[in-house]
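*Asks:* Pasting in a structure now, in structure tokens, and then I'll have a few things to ask.
The values are calculated or read from the model by the stated rules, or taken from the named source; none is laboratory data. Small disclaimer: the values here were computed from a predicted structure and weren't measured. Backbone-built Cβ (ideal geometry, glycine too); neighbour counts: all protein chains shown.
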Amino acid sequence: MNVSSAGGEERLRRPPGVVALPADFRAFHQLAEEAVDHAFEQLAVSWPTVLAQPTPEAYAWKVVKNRIIDLARRRNRRPVVVDVAAFETYDLRNAVDPIGELETSLLVYEAINDLPDRQRDVIILRYSLGYAATTARILGISPAGVRSTVRHARRRLRQVLGLYEQEGSRDGHRTD
């Protein structure tokens, strides 16, 4: 996320070509910043406990998720761990049908949000946040566990979204 300092205050920089950031995005950004700040405060206070964990990254991931959920509930909003992806619409400006693509994205992210916790975490870390190489370490599970969880999550997403595997394909990818 790009930030700039103006008059001692950090501000979110808009991507080129974007006139103004939507109010709901700004509210989400503020909530996310507060949640991360609270998570780091909690981690600092309990640092010896964090270091004693078999995988400190997995512990930190849970703390961040819980802080986001707590803040959202205090503000009478639904938790927004996945909702960040709905605002990754920068590339929509080049889309042939930006509204259609946004609607599709929202359906996909809603389906991801409805996955069981482990499946949702793996999909978010691996695909939305780009942590494919470190997802196992962050969650404290084996690489084989990540692959298995991805397979189950993708199967469930295909069912929910009404997508079906093509004959002779593996995980929806054509083999020809």
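Okay, residues lined up against (1) at pLDDT below 85; (2) acidic (Asp, Glu); (3) surrounded by 17 or more Cβ atoms within 10 Å (Cβ to Cβ):
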residue: HIS29; (1), (2), (3): yes, no, no
residue: ALA32; (1), (2), (3): yes, no, yes
residue: GLU41; (1), (2), (3): no, yes, no
residue: VAL50; (1), (2), (3): no, no, no
residue: ASN66; (1), (2), (3): yes, no, no
residue: ASP70; (1), (2), (3): yes, yes, no
residue: LEU102; (1), (2), (3): yes, no, no
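*Asks:* With the requirement that a residue be aliphatic (A, V, I, L, M) and surrounded by fewer than 16 Cβ atoms within 10 Å (Cβ to Cβ), what does region 131-162 give you?
*Replies:* ALA132, ALA133, ALA144, VAL160, LEU161
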